Amino acid sequence: MERNECHSATHEYPHPFICQVKLTRAQRIRGIILGSILFPLRITLTALIFIIMWPFARLRLAGLSEEERSQPIKGWRQWLLHPILWSLSRAAFMTLGFLWIRVKGRRADLKEAPVLVVAPHSSFLDMLVLCPTQLATVVSRSENASLPVIGALLEFNQAVLVSRKDPESRKKAVTQVTERLTSDGYWPQMLMFAEGTTTNGSALIKFKPGAFLAGVPVQPVLLCYPNKLNTVRWSYKGTTWLEALWHTTSQFYTNSTVEFLPVYKPSLEEKNNPNLYADNVQKLMAKALGVPATDYVMAGRVPVNQLGGLSFPLESPARETLSLLHRNGLGAHEVEAALDRMLDRCQSGAQGSKASAEELASILGLTDRPTAVTICDLYSKHEIVDLRQIYLTVAALSGSVSFKSLLHTGFTLFDREGRGSLSAEELADLMGALLGFPQRHTAELYTQASIQGRLTEENLMRVLTTHPTYQRVVNEYMQPMEAGSQLANRKAVNNNGNMHNGNGSLYKNKKFE
């Protein structure tokens, strides 16, 4: 049987963003034989159906003014063209192998629930959920509107388009969605994938608040693929979308189940707090699925966990850095010496803390430049990296210094003017360096740790080591790795998925002094 090998992210929850399909030899041979016949046949037939759909999709809005296009489509364009597009959509998914879509529960009508919240989000093939929901209106990336046929179908659907890179586009999309959901039945029912990105289904990641901003009732919808061979899923790493499509179309058929749960009506508190509303619906759906509800999100194409406003990469750059250094022959003493050189460089007023890949290779004592480039890529999008970030994360993980000493060093490095206190921006930079990921929501920590507008090292240390939330941050994400375990842990994670915290390592108890 095929397995989706999902790597663990913490001692509590599995890693939802990595899914590696594993096939036995017999399954692989069977897939090659069937795939060589079914894949081209099914893709060709599906493409033909999409081509047939294109003129009908264009016809729906043809000849309408911009003002008319901004209103719900009524009349013959609705009662004639909608059933045609629905039938062709269902035919397309049948051609791909989704011969049956099992529907459980009852879909709420528009008055009961203006929006359907779907999870888990597995792949682009999840669009089959539009068939049992009568082509409900969706939210899509604005870039998709320029794709052949897909753009016409989004136009037909009167989808809300949003550019994730443009803040104004996001604001406009929120306004549009809110107006539609509160139109009292004027606009058709909407459908949203609340997770906002695809996962391997082993856990539900944090729901985006978009579907909950209007404070209207929602109907949770579970979308599952109960097959012996789970070929549909693809995510951040592992199986690609093309491999998922090949494996799926190589099967004789693929089962799918759409389950409509009872309508969820928000309380007054949830109406006033969309994030609370989203979290409660997420927990309800996770319980129905039998999987954990997590605070994992995809931030800037990097999977992270969130706690107390802080974000932690599920794949620690420091752990990977240590593994790379060990593979290049650097032992504990060499790593410690390299960290000392790095700290000297950071404290040097002349050279500063920024370094190129060549300079980093020299500081680390590496003869292999590609390794230095790889380390730079772990911390920066460019080949110029902030050495303070590498030093603080690697020193914390290696256990070469105590946490108190590490915080003192970090505080000094980011106290640019030597005032003995940090600004809100400097605190965000410091926490980003300590955690190996940019921090944009440190206002709560700054409020907790500052007294009369001054955030001193002593107060920051007190909050990080005594406040329940931030103490957990220190204990789980700033702990040293057990001596000699770097390579062993890396192998264990890759083969067995056993990771004991967010840094992906096994840790000893932290010493604060």
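Key figures
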| quantity | calculated |
| --- | --- |
| All positions within segment 149-180 that are of a type outside the set (Val, Ile, Thr), in contact (Cβ under 8 Å) with a residue 40 or more places away in the chain and over 15 Å from residue 70 (Cα atoms) | 152, 153 |
| Complete set of residues in segment 183-210 that are among the hydrophobic types (A, V, I, L, M, F, W, C) and either part of a helix (DSSP H, G or I) or under 21 Å from the mean Cα position of the chain (by Cα) (or both) | 191, 192, 193, 194, 203, 204, 205, 207 |
| Residues located in segment 44-84, provided they are over 18 Å from residue 136 (Cβ atoms) and β-branched (Val, Ile, Thr) | 44, 46, 49, 51, 52 |
| Residue list for segment 140-158, filter: over 21 Å from residue 174 (Cα atoms) and either open to solvent by 40 Å² or more (accessible area, probe 1.4 Å) or part of a helix (DSSP H, G or I) (or both) | 146, 147, 148, 150, 152, 153 |
| Filter result for the condition that a residue is buried (at least 19 other Cβ atoms within 10 Å of the Cβ), among the hydrophobic types (A, V, I, L, M, F, W, C) and within 24 Å of residue 178 (Cα to Cα), over 57, 92, 108 | 108 |
| Evaluation of residue 288 against (1) in a helix (DSSP H, G or I); (2) more than 27 Å from residue 165 (Cβ to Cβ); (3) open to solvent by less than 50 Å² (accessible area, probe 1.4 Å); (4) touching a residue at least 40 places away in the same chain (Cβ under 8 Å) (one fails), failing number | (3) |
| Check on residue 180, of a type in the set (D, E, K, R) and in a loop (DSSP other than H, G, I, E, B) | no |
| Enumeration of residues in segment 218-237 that are within 19 Å of residue 15 (Cβ to Cβ), buried (at least 20 other Cβ atoms within 10 Å of the Cβ) and not basic (Lys, Arg) | 230, 232, 234, 235 |
| Residues located in segment 121-137, provided they are open to solvent by less than 20 Å² (accessible area, probe 1.4 Å) and either part of a loop (DSSP other than H, G, I, E, B) or under 21 Å from residue 73 (Cα atoms) (or both) | 122, 123, 131, 133, 136, 137 |
| Condition met for residue 77 (within 30 Å of residue 249 (Cα to Cα) and either charged (D, E, K, R) or modelled with pLDDT under 95 (or both)) | no |
| Failed criterion for residue 279 (all others in (1) out of contact with any Lys or Arg (no Cβ under 8 Å at 6 or more places or on another chain); (2) closer than 19 Å to residue 203 by Cα; (3) in a helix (DSSP H, G or I) hold) | (1) |
| Top-ranked residue of segment 318-361 - restricted to ones that are of a type outside the set (Asp, Glu), over 23 Å from residue 382 (Cα atoms) and without any contact (Cβ under 8 Å) to a residue 12 or more places away in the chain, ranked as most open to solvent (accessible area, probe 1.4 Å) | 333 |
| Residues (part of a loop (DSSP other than H, G, I, E, B), of a type in the set (A, V, I, L, M, F, W, C) and within 29 Å of residue 170 (Cα to Cα)) located in segment 211-243 | 213, 214, 216, 234 |
| Single condition residue 90 does not satisfy, out of (1) more than 25 Å from residue 34 (Cβ to Cβ); (2) in contact with a Cys (Cβ under 6 Å, 6 or more places away or on another chain) | (1) |
| Every residue from segment 159-193 that is among the aliphatic types (A, V, I, L, M), under 17 Å from residue 274 (Cα atoms) and open to solvent by 30 Å² or more (accessible area, probe 1.4 Å) | 174 |
| Evaluation of residue 47 against (1) modelled with pLDDT of 95 or more; (2) over 31 Å from the mean Cα position of the chain (by Cα); (3) open to solvent by 30 Å² or more (accessible area, probe 1.4 Å) (one fails), failing number | (2) |
| Helices (runs of 4 or more DSSP H) wholly inside segment 384-452 that include at least 1 residues being crowded, with 21+ Cβ neighbours inside 10 Å and β-branched (Val, Ile, Thr) | 387-398 |
| Checking residue 247 against (1) open to solvent by less than 10 Å² (accessible area, probe 1.4 Å); (2) more than 30 Å from residue 307 (Cβ to Cβ), the condition it does not meet | (1) |
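Every residue, every condition in (1) among the aromatic types (Phe, Trp, Tyr); (2) modelled with pLDDT of 95 or more; (3) within 22 Å of the chain's Cα centre (by Cα); (4) farther than 24 Å from residue 430 by Cα, yes or no:
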position	(1), (2), (3), (4)
267	no, yes, no, yes
270	no, yes, no, yes
301	no, no, yes, no
322	no, no, no, no
336	no, no, no, no
341	no, no, no, no
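The values are calculated or read from the model by the stated rules, or taken from the named source; none is laboratory data. Computed from a predicted structure; not experimentally measured. Note: ideal-geometry Cβ built from the backbone for every residue, glycine included; neighbour counts use all protein chains shown. The area values use the complete protein model at the heavy-atom level, side chains included, leaving out ligands, DNA and RNA. Shrake-Rupley method; radii C 1.70, N 1.55, O 1.52, S 1.80 Å.
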